[in-house]
1. Applying a 10 Å radius around every beta-carbon, put B:158-167, B:171-180 in order of their mean neighbour count, most first.
2. Taking the mean number of other Cβ atoms within 10 Å as a proxy for protection, how do you rank A:138-145, A:156-163, A:125-132 from highest to lowest?
3. Average partner chain C-beta neighbours within 10 Å, per residue of A:47-58?
4. What pairs from B:193/B:231; B:162/B:226; B:193/B:226; B:193/B:236; B:161/B:226 go past 19 Å between their alpha carbons?
5. Please compute the average number of Cβ atoms from other chains found within 10 Å of each residue's Cβ in peptide B:5-15.
6. Between residue B:94 and residue A:126, with labels modelled 7 Å along Cα→Cβ, what's the label distance in nm to one decimal, could you check?
7. Over the alpha-carbon set of the stretch B:6-47, divide Rg by the Kirkwood Rh and report the Rg/Rh ratio to two decimals.
8. When Cβ neighbours within 10 Å are restricted to other protein chains, what is their mean count per residue of peptide A:167-177?
Amino acid sequence: MDTTTDVAAVSRARTGDADAFRLLVERHSRAIFRVAYRMTGNEHDADDVVQETFLRAYRQIERFEERANFSTWVHRIAINCSLDLLRSRGRHEKHYGGDTSDEALQGEVRADDPQPDRLLLSAELQKQVTAALERLSGNERTAFILRHFEGMPVEEIGRTLGIQVNAAKHTIFRAVRKLREALEPFVRSTPCST
Amino acid sequence: MQHLTEEVLVAHYYHDDDAPPAAEEHLRACGECRAQYDTIRRVLALVEEAPVPDRGDAYGDQVWGRLRWKLGSDKRRRLRWQSLLAAAAVLAIAFFAGQLWHARNSSVAPVARATAPTAAVQPAAASQQQPTTDRILLVVVGDHLDSSERMLVELSNADPKKSLDVSSQQRRATELVASNRIYRQTAVQRGDKQIASILSDLEPVLVELSHTGSTLTPEEVSVLQKRIDAKGLLFKVRVMSAQNAEGAAKTAPPPNTNSL
């Protein structure tokens, strides 16, 4: 395993060392894919975002401040790439695909399931979670993912989405409320694990 | 007791609330709010279970495989742009150099008349400002030699079996004779034997050409070409022209670096 630090690899990549940039790509690709997938909800789009992210990183590597964290920096680029992709496809302010009505969603939830705790690990429940995330609007999904999975401060989420801090906070709240409405039936009988 | 709103509970979960200790205290005291809060925590824990396809250990390698090609084409595109810009810059420089050369060429005689006599009649002043006058002389003589060289080339390349219209060369020769004489005298006074010698060889050819008619017969063309060849005039002028260019560059003042 290569023990070269990210900082050293960035320094070498700046001088045109392709192997150094390759190291950064190999080290961070999977994490970038995860955030891209959560943002876009689509494997193919996530792969495109990963490519675009590292392409932008390569072009902008002179702007990277060595005191900063490369992982954080490249994650920000990935988020911007995802937003650009969603906007370019006109999906950002629309709901994601599938039947998004409450009735349809609830219809798939078997609320009278005698053993809901077993569902926790089931593919069916994973589908419900995915469906619940897809019901969120583009802004809600983005704000939620940035806050919940990426740990981004509300202020920065506001800047990323071009909205006020209070609006960003309220967007996150709306996302959580929608998720709760959709998924609460599955957690009522489940012991809290956190 | 006033319960915490759902919005406050969500903000508290993410540590975005304004008064976390107060909310914490309320949650300890209020079972209803605590139940609400636990539900939120469970839902959000469940969301984390949302599947993300695993790309495997080789994913980074695959990404690099695709990316390398793109980076390569990106680099090639950049190089292509740089090449285009460089070519455009060379063309622009060539254009302005041509303009400059043309302007100098058309004004060389008046400049020479104005500069050379000054240097000749004021040797004391000239010696005080020798580097400057040397450079001016080299530049002016260089231009003179360039013009003479072009004219000699035209004559040398002419077909000796045909008549040649030399009306334009005759006009130029008339101008060049006057300046050639001044430069030769200046070179003699300054002890520059090499320049004085080449200008002495050049002068009879220029004089002869300035006194001919506007058209040379094939015989006259042939005689003129033999005279140019016999003295190796074209070769000497070219060598001197090149040496002059080098000398002018060496005596040029250093560039001003204060603005850097």
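We did not get these values from a lab; they are worked out from the coordinates using the rules stated. Given the structure is predicted, the values throughout are model-derived calculations rather than measurements. Quick reminder, even Gly has a Cβ in these numbers, built from the backbone with ideal geometry, and neighbours come from all protein chains shown.
1. Values: B:158-167: 13.9, B:171-180: 19.8.
Averaged packing, sorted descending, gives the order B:171-180, B:158-167.
2. On the way: A:138-145: 23.1, A:156-163: 16.8, A:125-132: 18.6.
Ranking the peptides A:138-145, A:156-163, A:125-132 by packing returns A:138-145, A:125-132, A:156-163.
3. Numbers: counts 6, 0, 0, 7, 4, 2, 2, 7, 5, 0, 1, 5.
Per-residue shielding by partner chains comes out at 3.
4. From the list (B:193/B:231; B:162/B:226; B:193/B:226; B:193/B:236; B:161/B:226), the Cα-Cα distance tops 19 Å for B:193/B:226.
5. Values: counts 1, 4, 7, 1, 2, 10, 6, 0, 4, 9, 1.
That works out to 4 on average.
6. 6.5 nm
7. Values: Rg = 9.8 Å, Rh = 10.3 Å.
Rg divided by Rh gives 0.95.
8. Values: counts 0, 1, 6, 3, 0, 6, 9, 2, 2, 11, 5.
Across A:167-177, the average partner-chain Cβ count within 10 Å equals 4.
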